[in-house]
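The values are calculated or read from the model by the stated rules, or taken from the named source; none is laboratory data. This one's a predicted model, so the numbers in the text were calculated from it and none came from an experiment. Don't worry about glycine lacking a Cβ; one is built from the backbone with ideal geometry, like all the others, and counts go over all protein chains shown. Side chains included, ligands, DNA and RNA excluded: accessible areas come from the protein's heavy atoms. Shrake-Rupley method; radii C 1.70, N 1.55, O 1.52, S 1.80 Å.
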Amino acid sequence: MPKEADHIEDGGDKESKEEQRQGASGETVRKRVRANTLSPHRGNTPQASPPRFVSVEELMETAKGVTNMALAHEIMVNQAFQIKPAELPEGSLERRVKEIMHKAFWDCLEAQLKEDPPSYEHAIKLLAEIKESLLSFLLPGHGRLRSQIEEVLDLPLIQQQAENGALDIGRLSQFIVWMMGSLCAPSRDKDIQKLKQITEIVPLLKAIFSVLDLMKVDMANFALSSIRPHLMQQSVEYERNKFQEFLEKQPNALDFTEKWLEDTVKSLQDSAATASASASDSSLHPLSVHNHAYLRLLRWDHDSDPFPETVLMDQVRFQEMQQEAEQLVLLSSVLLIVYTTTGEAISGLPGLMDTLKNTVNVLLADMHTPSFSAQEVLAIIGEKLCVELSQCLSQHGYSPFSADRKSALKGQISAAIQPDNTVRMLMESRVHNYLLASLESSQHKTPPPLPGGLAPVSKELKELAVRFSRLVNYNKLVFSPFYQKTLQKILAPGESPGTDT
């Protein structure tokens, strides 16, 4: 495999760590997703079409189509997506059978090579497989390497040497290891070095096949990374066609999507009830309805409300973004409380904002784990911030915090966890408005202005907005025809969904 693959692989490793960044929190999210998607949920479930009996063949075909669609979607949306070597569960029947069969094969090979004269029947078959694998790693410009492989692993010649007792398996194995070292990614260099240290023929051949399997995975990931930029249009059409096939077999497969859009329209109508007619018309424009619908996914109750079918493959991603947004809201709320309570004494002090932000961020890192106690953590945050603020004020010649001011600050910080807290509601509104504006401005490639009070979290918020917009825009590309039909039914008669959703 070309050495360039290592750069892609290394980058994939870093991004894959980012994908798994929430540890126990991410695992909790995934468990909740599995639990939610298996139950019919509460009584507000949309009325489904009458049940239709399907055959096992139809069910299997549908499941295969959905699986392929999910795989294509994951390749496009997850830049860190990588093919992993297949690992059978420890102690499973399949693993046990595989181990028994492999042991029998290698024992048989060892017995053949120990015969007098040795029998090379199985060994030659293995050499043929190895040759095929090595040739599969070559690129069009590898003419010299191809010639070397064809010359050294000349199967008819090897067969003749075996018949005449002149076959040197050790020499061929050394050539194979050298060629694997030339073709593998740099990350496999350690594996190649281990191969060079093996002197017994059977253990060496066994280890060669293990490393070849890893190299095949590396090559697949290299090819995937190379063609991903060219897959966008094909992937959009493929996912859309697969979902259409699924919809034809399951006519009620858009029930939750329709309810999601209906609830969004109703919410916009309620909020525009006291607004002017022009504002009401603007809020019910199909593009506005659609963007507000996506924003509602960042306020979703995943424990009780079924997720819309068209975004179900991205439910975990939306949940992670929702958690990030909630943490940014609480973080910005605490920092705003600190600065409004303390006054001008600390404004403009170099490094203070980063210090306070890091302190709060560390303590809020496990915010979405079951063991997290908001009241306890906010009380600790209040104590730590009071200590840091007192030290900072003393260092810059200001009078230290009084007991009353400390008590007031701690109380306001503890109150920030309440959903109806004024500061929290303000920052939540600003964060969500920024994310909504990022959707509306994504077509113009110009980021929206940052609302007041969010400067301390601007970097994190902008990164979240970029990921949110990319995910939403890809979903729009795939499912826009289905959304247009649904909005056509929901919006008032005469209202046209157009083509901009």
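Worth a mention:
- Each principal axis of the stretch 152-202 carries a Cα extent, and these read 40, 21, 12 Å when sorted largest first.
- Per-pair calculated FRET efficiency, R0 = 25 Å: residue 84 and residue 361 via Cβ, rounded to 0.05: 0.20
- For the pair residue 376 and residue 97, the difference between a 0.36 nm per residue extended length and the Cα-Cα distance amounts to 95.2 nm.
- Of the whole protein surface, residue 368 contributes about 40 Å² of accessible area at a 1.4 Å probe radius.
- Each label point was placed 7 Å from the Cα along the Cα-to-Cβ direction; for residue 112 and residue 417 their separation is 6.8 nm.
- Over 29 Å (Cα to Cα) - which of 242/459; 103/216; 98/131; 84/249 fall in this group: 242/459; 84/249
- Remark: accessible surface ordering of 238, 398 (largest first) is 398, 238, probe radius 1.4 Å.
- Residue 168 versus residue 119: modelled label distance in nm, points set 7 Å from Cα along the beta carbon direction: 2.6 nm
- Exceeding the 20 Å Cα-Cα cut-off - candidates 125/194; 266/485; 384/406: 125/194
- Sequence-separation-based contact order of the stretch 237-389, relative, with Cα cut under 8 Å and 6+ spacing, percent: 18 percent
- Overall form of the stretch 182-244 per C-alpha gyration tensor (a/c, 1.5; a/b vs b/c): prolate
- Gap separating the Cα centres of the stretch 73-92 and the stretch 285-356, nearest whole Å: 30 Å
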